[in-house]
Amino acid sequence: MKVNELRKRFLHFFSEKHHTIFPSDSLVPDDPTVLFTSAGMNQFKPYFLGEKKDTKRAASCQKCLRTGDLDQVGKTASHHTFFEMLGNFSFGDYFKKEAIEFAWEFILKHAHLNERDIWISVYHEDQEAYKLWQEHIGVSSERIVKLGADKNFWPASAPTLGPNGPCGPCSEIFFDRGKDIGCGSADCSPACDCGRFVEFWNLVFTQFNRIAENTLEPLPQKNIDTGMGLERMAAILQQKTSNFEIDTLQPVVGYVQELLKIKTMTPQAASSVYAIVDHARAAAFAIGDGVIPSNEERGYVVRKIIRKALSNAHTAGYKQPFLYTLVALFAEYMSEPYPDMRAKKDTIVGIIKMEEEKFIPILEEIDPYVASRKSIAARELFYLYDTKGFPLEAIEASAALHGTSLSFDGFDQLRKDQQERSRKKSMFDKDIFKKGEFNFKEVTDFIGYDYVETEAEIVRILNIANKDMDILKEGEEGFLLLDRTPFYPEGGGQLCDNGYIKTKNGEFVVEEVLKVNETIIHKGTVIKGDIGKVQGLAAIDRQRRQALQRAHTATHLLQAALRKVLGNHIMQQGSLVDVDKFRFDFTHGKALSEEELMKVGGLVNEYILRADIVKKAFLNFEEAKQQGALAFFKDKYKNEVRMVSIADYSKELCAGTHANNTSEIGVFAVLSEASISSGVRRIEALVGKSAYQAFQEAKGCLRNLERTLKCGPAELEQGVSILIDEVKKKQDKIAVLEKEKIAYAIKDVLAAGKDIGGTRFIGYEFCGKDYAALLYLCDVIKKELRSFFLFAVSAGTDKTIFVCAASDDVVGRALGCDGFVAAHKNVLSLKGGGKKHLVQGVVLGHDKTYISKVETCFIQYSKT
């Protein structure tokens, strides 16, 4: 049975069992606790929590991405980074008996497996499940094993280890591959990890609430959560020993094997090829869902798996970009369930190819670096891994080849410390509501699309400490919940409305509006009288709303223009819609030329002048997609969605507020275009009054320039060019003189060097040098010395500046310039910035003993 047929049979089977069939959710979940969708149940959390009740039974085939077993991928027959999970779910409806009956019926009658090949495991204390399998279903007790909470409880070992919350026993279903597979022991069972028994379906019975260690109380609503690995089941049905031999993966495996010129698939070669195929598929689907490789969070994971795949190929001797060529194969073999893969193929290809071209030169650095060293300590190893981007596998392979010893002692702690630093971010007040500390069940009726003010009932009041109150007095800050509101909460990149809520006794100024679940929360301050739970008038700031609408509609026009000028690979990656200004992030591999920017800006202004009607309509999600509406991975869509369409050039799913006609935008002006990460560009722009003011200011500057240069508009460009040439000539003369002075002083600088803890430390003070001269000194020192740590100071008439530089080997010993400056900025009165190899800035306090102070600080730094 092929993969597509298995998927169809499963979903059809549960459809006939009165389950609502849900499409696969995005790999990017609407859940801040996880980076990726890792299980079929992720999209059903609101149902498990009782927040949504429109269905009692559900089934899905969910695309998933997990990195917990990344190192096992390719080495085993069934581990994947990306995989599909078949599942059926019950939300307070059927429980163990029906879940077990459904599973057994599907296995025997629809998957046509032999009953004798099926084994069952149950939690050792779950007598109910054991009896259902043995007495009700009729499975022989010889093929039912009882296992502990580490194997048959969800979450694993929850009774003793936690966490508190919903949990329950589970029952796993195994396929016996035969006595000739695995350890060969007569006592072999699913309790053994030898590989004979393949677990393909897990039935989780969520029936308890853990409140303390080994203290479980029954849940009022019992749920069923099951998961069957599609690839694992397909391998069983296709009688394959590995998931990578099934019909959707074997052709890709064969292609990679041929490309890498691997004639015999030894276990080592197979492991490498399987990992490459798996990682390429994971990267392709993640990018298809809008995750762009980067150095942060989801993007970092995608970049890591791409680099891991490339590292495998590099070790096998293939050193050219090629992963991008696999995308077409995935699009072909998986287009039936995921047609978007074909539509997004070109975008995915471009992004992966760009990542490969960027990383292959880094891989080429590894061998020379490792070969030049007898040993590499944990700190240097972490520097190579974290800063230089060298994969550990590639370092280990190179070390084995060149006989270089590696020390991992302390490496894991360095990685944990770095992860902890990366997690520290500034948080807004509103985030406290999103951590689940408040259970808002109030449903606010949002009427802001049609009304700018309304009479509304204040149904709940909280003070600034988030405590429920009956009243807020003058001067007090707090939060108001209304039964209905015209205030648009911050979301989808658009900032919130501002305004006021007035009652007969007081007035509350609304400063922020946010949404948690179905509740809209108004944050602000009482400026007059007091506010209680009464009826009042809620009114928004109309001018602010109009300015936000102008900016938001302009983002839609900009996206349409970008796609027309640059191509349909343009995908929105984020936006911030402010008052008559916005920023718009999108996928594109290179900077826009001046000509492209002019075309895009001209096209947006053409759309504005056309005075096209901006239509808004609510419709079914699938219908909107069929009409060609653009949807973006960061937004989660319900069955009914709002589509904003403009003429024949723009259709997007969007909940934000918009102009009624493009002419209301007035005028559009690009402020800047720049890269914000690999493959992602950002345009910042102005509209309406802000754009008009910017044009007026620019016009004033041009007139002043014309008067200064004593020329007309036609001669302005030539006049500026002449002036620039004159300034450059003067600067070049000054630079030559400064370099000559530096070259003359280099012997004295080198002579000032001292050996401190195995490092050549050079501290030197100049007079009247600028940054260019000091940076030139750094270049000269690099040519003269292979190993050094330099700190140069120069006192001028208005300020004292410094430059700190270090060689690669010194940085590799965790003696980076940024760390030195950060550790001693108070003692040395430093203010500056840079990276491990180079920092520059100003000295706020300086005397004749300054260089000796720097030397003392470096002695301390080298010891720590």
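The values are calculated or read from the model by the stated rules, or taken from the named source; none is laboratory data. Worth saying up front: this structure is predicted, and the values here are computed from it rather than measured. Glycine gets a Cβ as well: all are built from the backbone with ideal geometry, and neighbour counts include every protein chain shown. With ligands, DNA and RNA removed, areas are computed over all heavy atoms of the protein, side chains included. Shrake-Rupley method; radii C 1.70, N 1.55, O 1.52, S 1.80 Å.
Given the residues E706, E715, E684, E726, which is the only one that is under 46 Å from the mean Cα position of the chain (by Cα), of a type in the set (D, E) and either modelled with pLDDT of 85 or more or over 30 Å from F789 (Cα atoms) (or both)?
After applying the criteria, what remains is E684.
Any idea which residue in segment 763-777 is nearest to the chain's Cα centre (by Cα), counting only those that are of a type in the set (A, V, I, L, M) and open to solvent by 30 Å² or more (accessible area, probe 1.4 Å)?
Checked segment 763-777; the qualifying residue nearest to the chain's Cα centre (by Cα) is L775.
Can you give me the number of residues within segment 103-116 that are open to solvent by less than 50 Å² (accessible area, probe 1.4 Å), out of contact with any Leu (no Cβ under 9 Å at 6 or more places or on another chain) and either closer than 20 Å to C192 by Cβ or touching a residue at least 40 places away in the same chain (Cβ under 8 Å) (or both)?
1
Scanning segment 371-382 for residues that are open to solvent by 50 Å² or more (accessible area, probe 1.4 Å) and assigned to a helix (DSSP H, G or I), which turns out farthest from K416 (Cα to Cα)?
A371
So, in segment 117-132, of the ones that are in a loop (DSSP other than H, G, I, E, B) and of a type in the set (D, E, K, R), which residue ends up most open to solvent (accessible area, probe 1.4 Å)?
This residue is E125.
In this structure, is L65 touching a residue at least 40 places away in the same chain (Cβ under 8 Å) and hydrophobic (A, V, I, L, M, F, W, C)?
It is true that L65 is touching a residue at least 40 places away in the same chain (Cβ under 8 Å) and hydrophobic (A, V, I, L, M, F, W, C).
Of all residues in segment 447-471, which are touching a Lys or Arg at 6+ places or on another chain (Cβ under 7 Å) and open to solvent by less than 40 Å² (accessible area, probe 1.4 Å)?
Residues satisfying the conditions are I447, T454, A456, I458, I461.
Counting only residues that are without any contact (Cβ under 8 Å) to a residue 40 or more places away in the chain and open to solvent by less than 10 Å² (accessible area, probe 1.4 Å), which one in segment 778-791 is nearest to A371 (Cα to Cα)?
Once the filter is applied, the top-ranked residue is F788.
Select from segment 287-302 the residues that are touching a residue at least 12 places away in the same chain (Cβ under 8 Å) and not hydrophobic (A, V, I, L, M, F, W, C) and list them in ascending order.
Passing the criteria: G288, D289, G290, P293, S294, N295, E296, E297, R298, G299.
Restrict the check to segment 516-538 and report whether at least one residue is hydroxyl-bearing (S, T, Y) and surrounded by fewer than 21 Cβ atoms within 10 Å (Cβ to Cβ).
yes
With D278, D367 as the choices, which residue is among the charged types (D, E, K, R) and surrounded by fewer than 22 Cβ atoms within 10 Å (Cβ to Cβ)?
Answer to the selection: D367.
Which one is least open to solvent (accessible area, probe 1.4 Å) among residues in segment 332-364 that are touching a helix residue (DSSP H, G or I) at 6+ places or on another chain (Cβ under 7 Å) and free of Cβ contacts under 8 Å to residues at least 40 places away in the same chain?
S335
Here is a list of conditions, (1) under 30 Å from D31 (Cα atoms); (2) touching a residue at least 60 places away in the same chain (Cβ under 8 Å); (3) not aliphatic (A, V, I, L, M); (4) not in a strand (DSSP E or B), and K689 meets all of them except one; can you say which number that is?
Every condition holds for K689 apart from (1).
Would you confirm, using the coordinates I've provided, whether K564 is open to solvent by 20 Å² or more (accessible area, probe 1.4 Å), in a strand (DSSP E or B) and either under 30 Å from R342 (Cβ atoms) or modelled with pLDDT under 95 (or both)?
Considered against the rule, which asks whether it is open to solvent by 20 Å² or more (accessible area, probe 1.4 Å), in a strand (DSSP E or B) and either under 30 Å from R342 (Cβ atoms) or modelled with pLDDT under 95 (or both), K564 comes out as no.
In segment 845-864, how many residues are at pLDDT below 90 and not polar (S, T, N, Q)?
Number satisfying all stated conditions: 5.
Looking at segment 1-116, what helices (runs of 4 or more DSSP H) fall wholly within it and have at least 2 residues that are under 21 Å from C167 (Cα atoms) and not polar (S, T, N, Q)?
45-48, 96-105
Does segment 16-57 hold any residues that are surrounded by fewer than 21 Cβ atoms within 10 Å (Cβ to Cβ) and among the small types (G, A, S), and which are they?
Of everything in segment 16-57, those that are surrounded by fewer than 21 Cβ atoms within 10 Å (Cβ to Cβ) and among the small types (G, A, S) turn out to be S24, S38, A39, G50.
Taking strands (runs of 3 or more DSSP E) that do not extend beyond segment 479-544, which have at least 3 residues that are touching a residue at least 24 places away in the same chain (Cβ under 8 Å) and in contact with a Pro (Cβ under 8 Å, 6 or more places away or on another chain)?
Correct list: 506-516, 535-540.
Counting only residues that are in a strand (DSSP E or B) and in contact with a Cys (Cβ under 8 Å, 6 or more places away or on another chain), which one in segment 133-155 is nearest to E115 (Cα to Cα)?
Only one residue fits best here, namely F153.
Among the residues of segment 300-351 satisfying the criterion of being hydrophobic (A, V, I, L, M, F, W, C) and not in a helix (DSSP H, G or I), which is nearest to N4 (Cα to Cα)?
Once the filter is applied, the top-ranked residue is M334.
Identify all residues within segment 349-398 that are small (G, A, S) and farther than 29 Å from A284 by Cα; write none if there are none.
If the condition is that a residue be small (G, A, S) and farther than 29 Å from A284 by Cα, then A371, S372, S375, A377, A378 are the ones that fit.
May I ask you to say which residue of Y318, Y385 is open to solvent by 30 Å² or more (accessible area, probe 1.4 Å), farther than 22 Å from F82 by Cα and under 24 Å from the mean Cα position of the chain (by Cα)?
Of the residues listed, the single one that is open to solvent by 30 Å² or more (accessible area, probe 1.4 Å), farther than 22 Å from F82 by Cα and under 24 Å from the mean Cα position of the chain (by Cα) is Y385.
Check whether at least one residue in segment 279-286 is touching a helix residue (DSSP H, G or I) at 6+ places or on another chain (Cβ under 7 Å) and more than 20 Å from V256 (Cα to Cα), and report yes or no.
yes
Go through (1) surrounded by 19 or more Cβ atoms within 10 Å (Cβ to Cβ); (2) closer than 27 Å to R66 by Cβ for L392 and report which single condition fails.
(1)
Among (1) farther than 19 Å from S398 by Cα; (2) of a type outside the set (V, I, T); (3) open to solvent by 10 Å² or more (accessible area, probe 1.4 Å); (4) at pLDDT 90 or above, where does S272 come up short?
(1)
Would you pick out the residues in segment 592-616 that are open to solvent by less than 40 Å² (accessible area, probe 1.4 Å) and outside any helix (DSSP H, G or I)?
L592, D612, V614
Here's the yes/no breakdown for (1) of a type outside the set (K, R); (2) modelled with pLDDT of 95 or more; (3) not in a strand (DSSP E or B):
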site	(1), (2), (3)
E623	yes, no, yes
G628	yes, no, yes
Y637	yes, no, yes
S645	yes, yes, no
G656	yes, no, yes
E664	yes, yes, yes
L671	yes, no, no
S675	yes, no, no
